[in-house]
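The values are calculated or read from the model by the stated rules, or taken from the named source; none is laboratory data. The structure presented is a predicted model; accordingly, all values stated were derived computationally and were not measured. Every residue, glycine among them, receives a Cβ derived from its backbone with ideal geometry; neighbour counts consider all protein chains shown.
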Amino acid sequence: MNQKVLFIVHASVIAALYVVLTFVANAFGLANYAVQVRFSEALTILPFFTPAAIPGLTLGCLLANILTGCALPDILFGTLATLIGAVFTWLLRKHKWLAPVPPISANTIIVPFILYYAYGIRPLWLSFLTVGAGEILSCGILGMLLLTVLNKYRKYIFPTPYAHK
């Protein structure tokens, strides 16, 4: 199979899933503002399997933030937080249990400032707690459950030269 085509397909499917799952969370009021439990954030462990997840998650986050009506700083810096988390998850891919740490860290550090400056949500310290808790639920718990399930089928889903044994 052509590796470039597979990379593009993986990135596209991941982006689409991120958008759809964000809309699902948004329907329940969980995707934006102070308390965020985006189901799509569970996908942030995917760079553990493939580097195609880096552009996939980044594009998915960008589109989800635009389509759910986020403020411009949220669109830009929220997407940047996702990109940072994805890159560092890929870099730490040899350590399975560290997969959710980069997205949890990047979002917990960046998103509260977005909430403060773009939406006026105060106090800032509370946003660090609520965003951090949401990220632990989304990336840490749901993401690791997803990683465990996908790991059993990795050679079928992610048959790339990037996959490690």
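For beta carbons closer than 8 Å, sequence separation of 6+ or different chains, a first residue in segment 112-131 that is part of a loop (DSSP other than H, G, I, E, B) and a second that is at pLDDT 95 or above, the qualifying pairs are ARG122/TYR116.
Considering segment 132-153 alone, what residues qualify as being hydroxyl-bearing (Ser, Thr, Tyr) and in contact (Cβ under 8 Å) with a residue 24 or more places away in the chain? Don't jump to the end; show me each part of the working.
Start the filter on segment 132-153 by keeping residues that are hydroxyl-bearing (Ser, Thr, Tyr), which leaves 138, 148, 153.
Within segment 132-153, just SER138 meets the criteria.
Of all the listed residues (LEU57, LEU91), the sole one being surrounded by fewer than 16 Cβ atoms within 10 Å (Cβ to Cβ), of a type in the set (A, V, I, L, M) and under 24 Å from LYS4 (Cα atoms) is LEU91. When LEU6, LEU46 are screened for being among the hydrophobic types (A, V, I, L, M, F, W, C), over 10 Å from the mean Cα position of the chain (by Cα) and part of a helix (DSSP H, G or I), only LEU6 passes.
Which one of these is in contact with a Phe, Trp or Tyr (Cβ under 8 Å, 6 or more places away or on another chain) and in contact (Cβ under 8 Å) with a residue 12 or more places away in the chain: THR58, THR82, THR44, THR89?
Working: THR58 fails: in contact with a Phe, Trp or Tyr (Cβ under 8 Å, 6 or more places away or on another chain); THR82 fails: in contact with a Phe, Trp or Tyr (Cβ under 8 Å, 6 or more places away or on another chain); THR44 fails: in contact with a Phe, Trp or Tyr (Cβ under 8 Å, 6 or more places away or on another chain).
Going through THR58, THR82, THR44, THR89 in turn, just one is in contact with a Phe, Trp or Tyr (Cβ under 8 Å, 6 or more places away or on another chain) and in contact (Cβ under 8 Å) with a residue 12 or more places away in the chain: THR89.
I'd like to check something: does segment 98-105 contain any residue that is at pLDDT 95 or above, touching an Asp or Glu at 6+ places or on another chain (Cβ under 9 Å), surrounded by fewer than 22 Cβ atoms within 10 Å (Cβ to Cβ) and polar (S, T, N, Q)? Yes, segment 98-105 has at least one match.
Return the only residue of VAL19, VAL37, VAL13, VAL5 being among the β-branched types (Val, Ile, Thr), crowded, with 17+ Cβ neighbours inside 10 Å and over 20 Å from GLY132 (Cα atoms).
Answer to the selection: VAL19.
Taking the stated definitions as given, is THR148 modelled with pLDDT of 95 or more, of a type outside the set (A, V, I, L, M, F, W, C) and out of contact with any Gly (no Cβ under 6 Å at 6 or more places or on another chain)? Yes: the conditions hold for THR148.
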